[in-house]
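A short worksheet on the structure shown next.
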Amino acid sequence: MASHRPFEVLVVGCGHIAGGFDMARAPGLPPLSHAGAFTQHGGFRIKACVDSNENQRKEFARHWGVISCAADLDTLDICSGAFDVISICTPTTFHHQHIAQALALQPRVIFCEKPLTSDEGLSAELIQACRMQNVALVVNYSRRWDPTVAEFVSQIHDGRWGLVRSVVGHYNKGIFNNGSHMVDLLLRLLGPLQMVATTHTEFDFWQDDPTVAVLLTAANGSIPVYLNPAHARDFSHFELEIVCELGVIRMLSGGMAWQFRNVVSSPHFSGYMTLDSFSHVDGRYMETMARAIEDIYLHLQSGTPVGSTGESALQVQKLCSQIYRDAMTKSMPECLIKG
């Protein structure tokens, strides 16, 4: 660790992802929250926090040793330039307001939970504003920092598995929330995606963010990609299956585990090829928050690029918005569509 002063942090929103996930966890475990990762890293100091819920704000401040806290950014008694990093951990509907207010405080980095905003036009405005002020906008699409995902993406791009034939992603809890994680992963894996059709739509968690069944294509239409919905009230579900020329890869439990099957000659039918028994690999998803904070630290130290930017998040949001609009048009009564 460098000997210079710790980088100063403001956390906006004091819920689970801000710090709550780590408040009851045993010391030494991989951090699951912003505050947990900043604290464990050692190169940062959480200087202030903001949350409208007084009890939540006070408990966050007590647990993480934060001296300055307030109900909102307007009443936070702090001057511009006081923070190197501002973490935005509030609900999506507040992101536009809080990022705009954060920019007025002149940080070097804004680390925002996904999705960036609820409107792609607003997201584009904020990205431009951050660029104009030379503020790095980092969006927490966590698998951007998953080493197992990175290794697998490299294998696909290097031809280790041959041609990609088809992909199925299983998800729930909204196309903009969990679904955007899947879209971000698919864009990284396959490149540009084109929407073909949406079918079933289910409001399984959020009132304004349905989980949608979607058929997409990649590689100029040569690779079918299906987003298959599960129901959030049943269980959490985020898994991926990629059928390739030389085998099948499965990401399980959000990246906590992986399975690989290779093409082999059939032991029973001469001249036929089949898949062998799967090999199991433990995933490294639990490292992602710590790696995101290390990425931010290196950027602050030496200006290295960050792994997930506002621009990449906007690309994800545009496709999710297209899916949402198509799904809502199909689910809307015909009399309303005709106006």
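The values are calculated or read from the model by the stated rules, or taken from the named source; none is laboratory data. Not measured: the values here are computed from a predicted model. FYI the Cβ positions are ideal-geometry reconstructions off the backbone, even for glycines, and counts take in every protein chain you see.
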task = Filter the range 203-229 for residues that are in contact with a strand residue (DSSP E or B) (Cβ under 6 Å, 6 or more places away or on another chain) and of a type in the set (A, V, I, L, M, F, W, C) and give the result.
result = F203, V212, A213, V214, L215, L216, A218, I223, V225, L227
key: Restricting the range 78-120 to residues that are out of contact with any helix residue (DSSP H, G or I) (no Cβ under 9 Å at 6 or more places or on another chain) and more than 15 Å from E8 (Cβ to Cβ), the residue that is surrounded by the fewest Cβ atoms within 10 Å (Cβ to Cβ)   = T93
remark   = Note on the range 127-141: residues part of a helix (DSSP H, G or I) and surrounded by 19 or more Cβ atoms within 10 Å (Cβ to Cβ) are I127, C130
task = Can you run down the residue pairs with Cβ atoms below 9 Å, 6 or more apart or on separate chains, where the first is in the range 44-68 and outside the structural domain of G81 (by TED's automatic domain parsing) and within 18 Å of E8 (Cα to Cα) and the partner is surrounded by 20 or more Cβ atoms within 10 Å (Cβ to Cβ) and small (G, A, S)?
result = none
message = Looking only at the range 210-220, count every residue that is touching a residue at least 40 places away in the same chain (Cβ under 8 Å) and under 16 Å from N172 (Cβ atoms) and tell me the total.
response = 4
ask   = Within the range 142-156, can one find any residue that is farther than 22 Å from S180 by Cα and surrounded by 13 or more Cβ atoms within 10 Å (Cβ to Cβ)?
value = yes
request  = Return the total of residues in the range 297-310 being closer than 23 Å to L185 by Cβ, touching an Asp or Glu at 6+ places or on another chain (Cβ under 9 Å) and in contact (Cβ under 8 Å) with a residue 40 or more places away in the chain.
outcome  = 3
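Within the range 5-50, restricting attention to residues that are within 20 Å of the chain's Cα centre (by Cα) and of a type in the set (F, W, Y), which residue is nearest to N177 (Cα to Cα)? I'd like the intermediate steps shown before the answer.
In the first step, residues of the range 5-50 are kept if they are within 20 Å of the chain's Cα centre (by Cα); the result is 11-22, 30-38.
Checking the rest, the ones that are also of a type in the set (F, W, Y) come to 21, 38.
Details: F21: 18, F38: 24 Å.
By that ranking, first place goes to F21.
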task = Taking only the range 279-313 into account, find how many residues are over 29 Å from R261 (Cβ atoms) and not small (G, A, S).
result = 15
message = Being surrounded by fewer than 18 Cβ atoms within 10 Å (Cβ to Cβ) and outside the structural domain of P115 (by TED's automatic domain parsing) narrows it down to one residue among F238, F269; which is it?
response = F269
ask   = When both residues are 6+ apart or on different chains and their Cβ atoms are under 9 Å apart, which pairs have a first residue that lies in the range 264-278 and is within 13 Å of V248 (Cβ to Cβ), and a second that is assigned to a loop (DSSP other than H, G, I, E, B)?
value = V264/D276; M273/S266; T274/S266; T274/P267; T274/H268
key: Some residue of the range 273-280 being in a helix (DSSP H, G or I) and modelled with pLDDT of 95 or more   = no
